[in-house]
Amino acid sequence: MIHKLSKDITEAILQLPHLAKSIYRDLDINGTLEFFERRYLISLRKHIKIEDSLLADCACGFGWFAFAYIMSGGKRAIAIDVDSERLEAARCIGALIGVNDKIEYRLSALDQIELAEDEVDVFVCIETLEHVGKERIGKSLSKIVSSTSNLLLITTPNKWFPIIAHDTRIPFLHWLAPRYRRTVARIFRRGHLDEGNEFLSPLDFRIIKKKFRPISRCLTFDSVLEYIEQYPIYLPYGPDEKRRHLIRPNPLKRMYLTITSMILGRNSYWIMPSMARIFIRK
């Protein structure tokens, strides 16, 4: 269980310039750390002993996953991001929390990370692969696979699913070329989050499955029940603080996850909206 940070520390974190100028200036810091613990770390602990494991957190952003990992008892972490200002903000947050003695910060793109073969025990890549670009996806996945000895935790939208929440939510729009996405989004008066998004399909995971096998059944959870038990939860994304508090899962989503997990089990990511999955070494 992660101990809650004092009010003085959370206020000091929110006053850091890079965070204070962002859409996360009103973030609930303790709620954010608890989110990563409940959404991911509880599941990780069922498959590895984090006290003995070196973590690589790629596209770490402000470093929340790495911080939660260390605060939960993780051995060490490497926090990696391509944005130098954001990485420096993460370093400052880590100093305020008091975890920097166990975290190394590296400025790097995913496909250029300098990690030796099997150097890290755990590699985490959350909502990142869709941003690296089509020409870099294969190399990025190969880098993840080669540098990890034990376990992968990956989340990314499923290109095959008709609607992607990470995009405009217009059905099938993400199947079009970027120039057409822009036009259609304008017609429906939807903002486009990132025209450079290149979503992956389950076929892209073939690189991963040469060395690892999927172990979770419902996203990164062992069961739908575990997925449901994480609620109510604070979701530390988006600009609207009021929408970050989730009481229960969407009923339709819950039903869909239940059916797909029951039928396909560890391969349910093939038809889920997110290809979130935990993979373990074969």
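The values are calculated or read from the model by the stated rules, or taken from the named source; none is laboratory data. Note that the structure is predicted; figures quoted are calculated from it, not measured. Neighbour counts run over all protein chains shown; Cβ positions are idealised from the backbone, glycine included.
Identify, from the list GLU119, GLU104, the residue that is touching a Lys or Arg at 6+ places or on another chain (Cβ under 8 Å) and at pLDDT 95 or above.
Being touching a Lys or Arg at 6+ places or on another chain (Cβ under 8 Å) and at pLDDT 95 or above holds for just one of GLU119, GLU104, which is GLU104.
On the basis of being closer than 30 Å to VAL224 by Cβ and touching a residue at least 24 places away in the same chain (Cβ under 8 Å), does ILE103 make the cut?
No: the conditions fail for ILE103.
For every residue, the table says whether it meets (1) modelled with pLDDT of 95 or more; (2) closer than 21 Å to THR156 by Cβ; (3) assigned by TED's automatic domain parsing to the domain that holds LYS102.
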position: GLN15; (1), (2), (3): yes, no, yes
position: HIS18; (1), (2), (3): no, no, yes
position: ILE29; (1), (2), (3): yes, no, yes
position: LEU33; (1), (2), (3): yes, no, yes
position: PHE36; (1), (2), (3): yes, yes, yes
position: TYR40; (1), (2), (3): yes, yes, yes
position: HIS47; (1), (2), (3): yes, yes, yes
position: ILE50; (1), (2), (3): yes, no, yes
position: LEU54; (1), (2), (3): yes, no, yes
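Yes or no: the range 32-43 includes at least one residue that is assigned to a loop (DSSP other than H, G, I, E, B), in contact with a helix residue (DSSP H, G or I) (Cβ under 7 Å, 6 or more places away or on another chain) and touching a residue at least 12 places away in the same chain (Cβ under 8 Å).
no
Yes or no: the range 158-168 includes at least one residue that is charged (D, E, K, R), assigned to a loop (DSSP other than H, G, I, E, B) and either under 19 Å from the mean Cα position of the chain (by Cα) or buried (at least 19 other Cβ atoms within 10 Å of the Cβ) (or both).
yes
Within the range 245-282, how many residues are in contact (Cβ under 8 Å) with a residue 60 or more places away in the chain and among the polar types (S, T, N, Q)?
Total meeting the criteria: 1.
Return the residue satisfying two criteria in turn: it lies in the range 82-128 and is part of a helix (DSSP H, G or I) and among the small types (Gly, Ala, Ser), and of such residues it is surrounded by the most Cβ atoms within 10 Å (Cβ to Cβ).
ALA90
Yes/no matrix, rows are residues, columns are (1) assigned by TED's automatic domain parsing to the domain that holds LYS211; (2) part of a helix (DSSP H, G or I):
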| residue | (1), (2) |
| --- | --- |
| SER146 | yes, yes |
| LEU153 | yes, no |
| ILE170 | no, no |
| ARG179 | no, yes |
| ALA185 | no, yes |
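Taking ILE233 as the residue in question, decide whether it is under 18 Å from the mean Cα position of the chain (by Cα) and surrounded by 17 or more Cβ atoms within 10 Å (Cβ to Cβ).
Yes.
Any residue at all in the range 234-243 that's within 29 Å of LEU33 (Cα to Cα), without any contact (Cβ under 8 Å) to a residue 60 or more places away in the chain and not in a helix (DSSP H, G or I)?
yes
Considering each residue of the range 92-139, count those that are touching a strand residue (DSSP E or B) at 6+ places or on another chain (Cβ under 8 Å) and β-branched (Val, Ile, Thr), and give that number.
8
Among (1) of a type outside the set (Gly, Ala, Ser); (2) more than 13 Å from the chain's Cα centre (by Cα); (3) over 14 Å from VAL99 (Cβ atoms); (4) assigned to a helix (DSSP H, G or I), there is one condition ILE9 misses while meeting the rest; what is its number?
(3)
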